[in-house]
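To start, the structure under review is shown below, and the notes come after it.
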Amino acid sequence: MSAGERRRCAVTGIGVVAPNGTGTEPFWKATREGISVLDRVTREGCGQLPLKVAGEVRDFDPGGLVEERFLVQTDRFTHFAMAAADLALEDAGLVPDDDRSPFAVGVVTAAGSGGGEFGQRELQHLWGQGPRHVGPYQSIAWFYAASTGQVSIRGGFKGPCGVVASDEAGGLDALAHAARTLARGTDAVVVGAAEAPLAPYSIVCQLGYEDLSLVPDPDRAYRPFTSRACGFVPAEGGAMLVVEEERTARERGAEVRAVIAGHGATFTGASRWAESRAGLARAIEVALAEAECAPEEIDVVFADALGVPAADRAEALALADALGGHAARTPVTAPKTGTGRAYCGAPVLDTAAAVLSLEHGVVPPTPNVVDVCHDLDVVTGWARPAELRTALVLSRGLMGSNAALVLRRADGSPS
Amino acid sequence: MTDRLTFDQLSALMKSAAGVTVDPKQMAARPDVPFAELGLDSLGLLGIVGELENRFAHPMPEDAERCRSPRDFLDLVNTASPTGA
């Protein structure tokens, strides 16, 4: 297939529900200014748990954004996804249109844990009152696929739909799945991930992760790439994007904000951080090859930045393996140190931040991080202006998935 | 008091079990409008049946969760189920 015939994946809409802001504008402002919103866990029933710091989404009013029947029938993670999808569709100007086939728009999400809060409530009914007191919506609300299903039903999107359950890196894998869906002929896909893992049952599930930071000081709990790295802080929220076949998008007058040019994914096993070096390097090489991108073209890296020393070392080495001498010269950022890691939502938020960085010519800083102890140019303190054409977004999951995504500025791609 | 289920009660159950708001007067005036058109899906009706079974401590008729409209549902539940027993 010649380049002229290629169906490229254009990002035309961004919808964010993040601890540092609902909506792209507040999110970008906080991200660019490097404001950390990590704070004490305040959710009901979590006070006695050893996890003290997280990234909570606090300025989110589900009743104002999601219809009552969806509030009753779905979990908080789906409320986030619906609200983010609305914002992304509005941003893309992809409004309901009787002339557009409902089969032209699909939905893809990634999920790491499903609807834990809803599930906990119904399980309490089960053990507290008996099986006859478990509501039927339990059957769909806590399930990984809930957000894809409900976003597609709510929006009337009957195109190809899917759910990626591939660990935290699934957020990037979902974007790649959407790009393949466009390549096969669908016009647009609403794609992304949002998670709501800050409820008692969900937090208890995470306490088994040795990589979880239990440090009670919000400024010290999540400091990847430093000698004080002590694990990661979890978060809720995420982002949904509208991606469209580039030509179709341009024909309908949409603004193409960036192009998803390449993706690679590998698997190297749970908590085997030393092995993730080779896996992540391979994912980067595959993504660069698909994007027809030389290592020297990467202008900024949005790092996975787990905050576990062995994982940070593996990531730094993977970048050196895949980008060669260019790795140490490329600005690296991890805005998620100011919000926490929203599991599958985290790399989609990073993708949203990367698109905004390309648009604004600014690399946002890495909050709470100083004195980097790896051979990386981590942007700390303040945002750094830069001519940015191509961004690399990295993600790894605690269970061993690694993924890389190459994003090009809309006008920065070779034709 | 009789235990006949009323449109008011059905409306309240639709709201609590499925988050669906329907004016009971309108439902009474047009009882054949299907549940699906009112926004209540099959899981929602199943939840209402479960709630009634818990409330009255006996099973509803087997086909109750397959009723398509408020009229069908009330007719079935109220004729088949002398709930005061």
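The numbers here are math on the coordinates, done by the rules we state, and not lab data. Computed from a predicted model, the values in this text were never measured in an experiment. Cβ: placed from backbone, ideal geometry, glycine included. Neighbour counts: every protein chain shown.
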> When you look at the Cβ of every residue in A:72-81, what mean number of other chain Cβ atoms sits within 10 Å?
Replying inline: 2
> When the convex hull of the C-alpha atoms of segment A:146-251 is computed, what volume per residue in Å³ does it have?
Replying inline: 148
>> Within 10 Å of each Cβ in A:134-144, how many Cβ atoms from other chains are there, averaged over the peptide?
In response: 3
>> Let me check against my output: what whole-number percent is the relative contact order of chain A, with C-alpha pairs under 8 Å and at least 6 apart?
In response: 23
>> Please list, ordered by chain and number, the residues whose modelled amide H lies under 5 Å from the amide H of A:Val362; skip anything fewer than 5 residues away on the same chain.
In response: A:Ala386
> If you add up the charges near A:Leu172, with Lys and Arg at +1 and Asp and Glu at -1, over every other residue whose beta carbon is less than 11 angstrom from its beta carbon, what do you get?
Replying inline: -4
> Taking A:Lys29 as the anchor, which lysines have their alpha carbon closer than 28 Å to its alpha carbon, excluding any fewer than eight residues away along the same chain?
Replying inline: A:Lys52, A:Lys336
> Where the centroid of each part is defined by its Cα atoms, how far is segment A:297-355 from segment B:42-70 in Å?
Replying inline: 52
> Label-point separation (nm) for A:Arg40 and B:Thr79, each offset 7 Å from Cα along Cα-to-Cβ?
Replying inline: 6.2
> Given labels modelled 7 Å from the Cα in the Cβ direction, how far is it in nm from A:Lys158 to B:Ala57?
Replying inline: 4.8
>> Using the Karplus curve 6.51 cos²θ - 1.76 cosθ + 1.60 with θ = phi - 60°, what ³J(HN,Hα) values do you get for each residue of segment A:215-229, in whole Hz, with x for Gly and Pro?
In response: 5, x, 9, x, 7, 10, 6, 9, 10, x, 6, 10, 6, 9, 4
> Over all residues in B:45-57, what is the mean tally of Cβ atoms on other chains that come within 10 Å of each residue's Cβ?
Replying inline: 2
> Hey, what do the phi angles of segment A:121-128 turn into as Karplus ³J(HN,Hα) couplings, whole Hz, using 6.51/-1.76/1.60 and θ = phi - 60°, x for Gly and Pro?
Replying inline: 4, 6, 5, 5, 4, 4, 7, x
> When only alpha-carbon atoms count, how far does segment A:30-122 stretch along each of its three principal axes, as whole angstroms with the largest first?
Replying inline: 54, 41, 25
>> At R0 = 22 Å, how high is the FRET efficiency between A:Ser271 and A:Leu214 if r is their beta carbon distance? Nearest 0.05 is fine.
In response: 0.85
>> Principal axis extents for segment A:286-415, Cα atoms only, whole Å, descending order, please.
In response: 40, 29, 29
>> Give me P(r) over segment B:7-80, computed from all C-alpha to C-alpha distances, binned every 10 Å, as integer percentages.
In response: 21, 61, 17, 0
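May I ask for the equivalent-ellipsoid semi-axes of segment A:6-251, computed as the square root of five times each C-alpha gyration tensor eigenvalue and listed largest first in whole Å? Mind dumping the intermediate values first?
Values: eigenvalues 191, 109, 48 Å².
Whole-Å semi-axes of the equivalent ellipsoid: 31, 23, 15.
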> Between A:Phe103 and A:Arg252, what length in nm is gained on full extension when 0.36 nm per residue of separation is reduced by their alpha carbon distance?
Replying inline: 51.9 nm
> Which of the lysines could a cross-linker bridge to A:Lys158, judged by Cα under 30 Å and excluding same-chain residues fewer than eight apart?
Replying inline: B:Lys15
>> Given an 8 Å cut-off on Cα distances and at least 6 residues of separation, report the relative contact order of segment A:261-409 as a percent.
In response: 34
> Based on the Cβ-Cβ distance from A:Glu68 to A:Asp411, what FRET efficiency comes out when R0 is 45 Å, to the nearest 0.05?
Replying inline: 0.55
> Restricting the count to DSSP beta bridges whose residues both fall in segment A:261-409, what percent are antiparallel, rounded to a multiple of 5?
Replying inline: 70
> Given the protein assembly as shown reduced to its alpha-carbon atoms as identical point scatterers, what log10 I(q)/I(0) does the Debye formula return at q = 0.06, 0.13 Å⁻¹?
Replying inline: -0.30, -1.13
